[in-house]
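Report on one structure; see the data block that follows.
The values are calculated or read from the model by the stated rules, or taken from the named source; none is laboratory data. Because the structure is a prediction, the values reported are computed rather than measured. These accessible areas exclude ligands, DNA and RNA; they are computed on the full protein's heavy atoms, side chains included. Shrake-Rupley method; radii C 1.70, N 1.55, O 1.52, S 1.80 Å.
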Amino acid sequence: MGLTQDLLKLGDRYGARNYKPLPVVLDRGEGAWVWDVDGKKYLDLLSAYSALNFGHSHPELVKVFQAQAAKLALCSRAFQSEELLHFCREMSEFCGMEATLPMNSGTEAIETALKVTRKWGALVKKVAENQANIVVMANNFHGRSITVISFSTEPIYRDHFGPYTPGFRIVPFGDAKALRQACDKNTIGVLLEPIQAEAGILIPSVGYLPEVRKICDEFRCLMILDEIQTGLSRTGREFCFQHESAKPDILVVGKSLGGGLMPVSAILTSRAVIDVIQPGEHGSTFGGNPLASAIARRSLKLLRELKLSERAEEIGRRVQKQLAELKSEKVRIVRGQGALLGIELHPSAGGARQYCEKLAEVGVLCKETHDHVVRIAPPLTIDFNDLHWGIERIIQVLR
Ligand SMILES: *Cc1c(COP(=O)(O)O)cnc(C)c1O
């Protein structure tokens, strides 16, 4: 453990303390496995919150990465790259949408969706200047920018970062009636996650998303769906909204789009909506760069080649079945959709963190979500025997 302890001291001394990571310092990864600097091996059951749906350094993606990096990595949006143009078409077709606007991080894509929605509200819906509102959900997680934390209900994300961006209304997640009451003639958009993952894997009841779709049509406002974490096969469909065919007006994608190699995000929408943005009104130095475009193109193809949606569903089935054997008074409920799962512990269990620390000791990496939920979200490429081994460790630790 020598090297790990020394390196952790560097972080303490020279790093910002904006995370409270487990005391593990990683050196390399392959598939669902990672190794720390002292040579200890772990199974990664977090997948960087779905950014690693393909596992660590998938060889097909690394191949594309290396070839494109050597050919043309970056060219500024003052010019076009062939990769970007192909990416826009393939991404739009993949999502069944008309147009793609690429960015880098998920937060940037959310900001982009909000800007496009506001401009649409002003130009198309013709809401008076500064009168528009966007309805969002309590317990949301959409990123960390000033505007995005302005409508967070989580004090730790929000406190002392004011003044806040106005123009947002917050309603309880999963409550269609409250949403309808919050909407009015100045409502230009409704922003939500199909499953609230950061909030502890909260899944709304069947029929909610279609109802949101209906309300957005009634009030003529844009349904903006944040599938940054749930999208690209994580929940057993390519997009979570496909479980109930509640297609949004703006779809936001990120995380696993970059194949676990780099940040790539995008918003997808109709031609009419995207065209409210004219040259010079929005942009990004790195958004849609040729390297990112090449990786994202390969990721979209690979996820179909590897049948990751079916694998996600199978992972969910296997984890739920195996965890059903776990009879522990510590566990309140196991919930999830596809390979996005959470074990909620009773408060009397003393918090999820200590179990994640014990799991790391026995070679399984998980992360607590809020105080009482152990999140399980393996790479979708995980070998089922490895998965079984990991869940066995979880069962032992929770017993
Ligand atoms: C991770 C995440 C974001 C933010 O993405 P970043 O790439 O970290 O900026 C936004 N929304 C959801 C649902 C996420 O899971």
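Accessible area of Lys307 (1.4 Å probe, protein heavy atoms only, ligands and nucleic acids ignored): about 110 Å². Taken one residue at a time, the phi angles of the stretch 97-113 give Karplus couplings (6.51, -1.76, 1.60, θ = phi - 60°) of 10, 8, 8, 10, 10, x, 9, 10, 7, x, 4, 4, 5, 4, 4, 4, 4 Hz. Gly and Pro are set to x.
Could you please state how large a percent of the accessible area of the chain is carbon and sulfur, counting protein chains only and using a 1.4 Å probe? With neighbouring chains kept in place, the figure for the chain is 54 percent.
Taking a ≥ b ≥ c as the square roots of the Cα gyration tensor eigenvalues, with a/c under 1.5 meaning rounded and otherwise prolate when a/b beats b/c, else oblate, which class fits the stretch 127-174? Please report the intermediate quantities before stating the final value.
Numbers: a/c = 2.45, a/b = 1.27, b/c = 1.93.
Oblate, since a/c reaches 1.5 and b/c is not below a/b.
Subtracting the Cα-Cα distance of Ile146 and Ala78 from their residue separation scaled by 0.36 nm leaves 21.7 nm.
Give the angle, between 0 and 90 degrees and rounded to the nearest 10, that separates the Cα long axis of helix 384-398 from the longest principal axis of the Cα atoms of the chain. Value to nearest ten degrees: 70. Pairs exceeding a 26 Å alpha-carbon distance, out of Lys41/Lys358; Lys185/Lys255; Lys115/Lys247; Lys63/Lys115; Lys330/Lys358: Lys185/Lys255; Lys63/Lys115. If I ignore ligands, DNA and RNA and count only protein heavy atoms, how much of Tyr42 is accessible to a 1.4 Å probe, in Å² to the nearest 10? Around 10 Å² of this residue is reachable by solvent.
For Leu72, Leu251, write out the residues from largest to smallest accessible area, computed with a 1.4 angstrom probe and no ligands counted. Before the final figure, lay out the partial values.
Details: Leu72 75, Leu251 0 Å².
Correct descending sequence by accessible area is Leu72, Leu251.
Annotation: Glu82 carries an accessible surface of approximately 120 Å², with a 1.4 Å probe and no ligand, DNA or RNA atoms counted. Axis angle, to the nearest 10 degrees, between helix 308-324 and the longest C-alpha principal axis of the chain: 50 degrees. To the nearest ten degrees, helix 290-305 and the longest principal axis of the Cα atoms of the chain are 70 degrees apart.
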